[in-house]
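Reading through the structure tokens given below for one structure.
The values are calculated or read from the model by the stated rules, or taken from the named source; none is laboratory data. Because the structure is a prediction, the values reported are computed rather than measured. Heads up, the Cβs are rebuilt from the backbone with ideal geometry, glycines too, and the neighbour counts pull from every protein chain shown.
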Amino acid sequence: SLTYGGSVQHDFIHHPASLRITLVPEPIFFFHKQSVLAFLCGTMDKILFVMCSAFEVLGMHNKVKMHCCSCEADTWQQILFEKSYQYPSDEEYEHCSKSILTECCGCEQPHYRYRSWMQKKDGTEKNMEDEWVFPPKQLRKKPTWYRGFAFYSVVSTAGEGSTEKEYVWDLLREIHVSLENNCPRLGVMGLRALLEHIMVSKIDDQMPFIKNLKEFQNQGYISKMQKEALGHVLEIGHAAIHRSYNPNQVELIAALDILENLIETIYIFVEKAKQIDRNVPKRKGT
């Protein structure tokens, strides 16, 4: 552990646990090169030369609690860069913003957070606050087949132009982006468009949506219960487009669950069933 100025202690993984180094409040010698600090420190009876990370000593208190998309939890993050901006205005209020670049102290995943707000020139009465974080917080985990479906959809059609599976995955990806960035109206509109594409790609376009859904069931792609559930997905999309309805995140996630179940049934389970059929030995005499 390290004591600086007799008040702050910090553990170093580069030194044995039994080693304690006491630094004087003011280092005798200091230089900075490539994020490394060198201290020439004096004690009562000896001189020690200590090499340590710049962030470990000078920045040990320069941390913030933020959500880590990799750890999927709120973690302490080291602030690597921080800057505030004020945009002068002749009006009563002025626009302010703040950018922060951080690194998770656990997994070292970097994050960028941007905040903006309007405030009076004396710094009071903040309003119209907005925040944007990248990578965004995942409100819902992607299904286990998501990455595999994306990979095989693209690789299997390389050089052949966009195909049905590639289009399905690409639109599904955009829907997930709308969910992560708090755009539920765009999300349900995308679900409506994706459902229509899947139905029309499997059956001839019957016009209108309700007839497509009925024919989709008649041809065996969905059950009666699935038809009712998908009807609700279509309806929430219609409401967002034609009736100015603004769904909440819970409704978007529920509709996404229903449609991803359909995608898994039509595209994923069919391929898995073929794999099983190839490996299972056939009956003799058949």
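Worth a mention:
- Exclusive hit being among the β-branched types (Val, Ile, Thr), at pLDDT below 75 and under 30 Å from residue 270 (Cα atoms), set 163, 124, 157, 144: 157
- Restricted to the range 204-240, and to residues there that are more than 15 Å from residue 261 (Cα to Cα), free of Cβ contacts under 8 Å to residues at least 12 places away in the same chain and among the acidic types (Asp, Glu), the residue that is surrounded by the most Cβ atoms within 10 Å (Cβ to Cβ) is 235.
- Failed item, numbered, when residue 83 is tested on (1) surrounded by 11 or more Cβ atoms within 10 Å (Cβ to Cβ); (2) modelled with pLDDT of 85 or more; (3) in contact with a Ser or Thr (Cβ under 7 Å, 6 or more places away or on another chain): (1)
- Residues of the range 241-260 satisfying the condition of being part of a helix (DSSP H, G or I), touching a residue at least 12 places away in the same chain (Cβ under 8 Å) and under 24 Å from the mean Cα position of the chain (by Cα): 249, 251, 252, 253, 255, 256, 258, 259, 260
- Within the range 119-138, residues that are under 14 Å from residue 183 (Cα atoms) sit with their Cβ atoms under 7 Å from residues that are part of a loop (DSSP other than H, G, I, E, B), at 6+ positions apart or across chains, in these pairs: 136/181; 137/69; 138/69.
- Of the residues making up the range 167-176, not a single one is assigned to a loop (DSSP other than H, G, I, E, B) and modelled with pLDDT of 90 or more.
- Selection within the range 86-104: residues that are of a type in the set (D, E, K, R) and closer than 18 Å to residue 133 by Cβ. The member of this set that is modelled with the highest pLDDT is 103.
- Qualifying residue in the range 263-284 (condition: out of contact with any Phe, Trp or Tyr (no Cβ under 6 Å at 6 or more places or on another chain), assigned to a helix (DSSP H, G or I), β-branched (Val, Ile, Thr) and closer than 21 Å to residue 182 by Cα): no
- Taken together, 200, 188 contain a single residue that is among the β-branched types (Val, Ile, Thr) and within 29 Å of residue 131 (Cα to Cα), which is 188.
- Once the range 183-219 is narrowed to residues that are at pLDDT 90 or above and in a loop (DSSP other than H, G, I, E, B), the residue that is farthest from the chain's Cα centre (by Cα) is 219.
- In the range 251-286, of all residues being among the polar types (S, T, N, Q) and surrounded by 13 or more Cβ atoms within 10 Å (Cβ to Cβ), the one that is farthest from residue 165 (Cα to Cα) corresponds to 261.
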